[in-house]
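To start, the structure itself, in structure tokens.
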Amino acid sequence: QYNLAAQGHRQAGSTFKTFVLTAAVNNGIDPYSTYYESKPLELDLPEYGHWSVSTYSGTYSGSMSVHAATLASDNTVYAQLDLDVGPEEVAETAKKMGIETELDGLPAEGLGGLRIGVSPLEMSNAYATLASGGIHRNPVAIRKVAFPSGRVDRPEHADPKRVLPEAVAYEV
């Protein structure tokens, strides 16, 4: 049987920008006072090669805060932020938050360009880490099984683990 939620991998798209923002805030970057230029990018990166980045709509807003770029889902601002934070740091943040699929630590991943893709379960698990104030828990599908005899079995839960400071989780 195929479990679409757990086994179905797809491109995350802009939902992966959350990990760029989380890594940035965790490294002391203030999304309200940090600005980048929203513009088409043609980058020749020694470590990664050539990278062309544009916005989905093909329109650009000039200088804008990371906060405004988040609301606009501006790829060009997020590409610059990703490079400043470090693609490897973004991948590590995503892993800590609950992404289990292999990541390559490449700049395009921060914009959702993943080699393998991620499952809906991984994404919801990672987002739940933010919702819980930076505490990661492995997902559990069944909380308890009640038998006709009255006996109740409860699956073991993995110990919750703080992976982000509470202030970082709530800032994102």
Carbon and sulfur %, accessible surface of the chain computed with the full protein complex present, 1.4 Å: 52
Of 168, 13, 147, farthest towards positive along the dipole that unit charges on Lys, Arg, Asp, Glu beta carbons give the chain: 147
Whichever lysines have a C-alpha closer than 16 Å to that of residue 17, once near sequence neighbours (fewer than 8 apart) are set aside: 95, 96
DSSP-defined antiparallel bridges as percent of all bridges, the chain, nearest 5: 100
Filtered GluC sites (Glu not before Pro), the stretch 1-81: DSSP coil and at most 15 other beta carbons within 10 Å: 47
C-alpha long axis of helix 120-131 to longest principal axis of the chain, angle in °: 80
5 angstrom amide H check on residue 43, placed H, neighbours 5+ away: 51, 52, 53
For the stretch 1-85: accessible area per residue (Å², 1.4 Å): 54
For the chain, built as a Gaussian network whose Cα springs stay under 10 Å, the top-fluctuating residue of 160, 87, 120: 160
Highest-fluctuation residue, 55, 22, 76 considered, GNM on the chain with Cα pairs under 10 Å: 55
Mean residue ellipticity (222 nm) of the chain, computed from DSSP H runs ≥ 4 via -39,500 (n - 2.57), nearest 500: -10000 deg cm²/dmol
Most mobile listed residue (137, 151, 115) in the chain, GNM with C-alpha springs under 10 Å: 151
Residue-level accessible surface for residue 83, protein heavy atoms, 1.4 Å, Å²: 50
Angle between the chain longest axis and helix 87-97 axis [Cα atoms, degrees, rounded to 10]: 20
Segments 121-128, 101-108 sorted - mean Cβ within 10 Å per residue, highest first: 121-128, 101-108
In sequence order, calculated HN-Hα J values of the stretch 75-80 (Karplus, 6.51, -1.76, 1.60; Hz; x Gly/Pro): 4, 6, 5, 5, 5, 5
Accessible area expressed per residue, the stretch 126-172, with surrounding protein chains retained (probe 1.4 Å, Å²): 74
Chain lengthening between residue 157 and residue 37 when straightened (0.36 nm per residue, less Cα-Cα): 38.7 nm
Kirkwood Rh (inverse of mean 1/r, distinct Cα pairs), the chain, angstrom: 17.3
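The values are calculated or read from the model by the stated rules, or taken from the named source; none is laboratory data. Note that the coordinates shown come from a computational prediction; the quantities given were computed from them, not determined experimentally. Note that we place each Cβ from the backbone using ideal geometry, even for glycine, and neighbour counts take in every protein chain shown. Ligands, DNA and RNA are stripped out before the accessible areas are found, and what is left, the full protein with its side chains, is counted by its heavy atoms. Shrake-Rupley method; radii C 1.70, N 1.55, O 1.52, S 1.80 Å.
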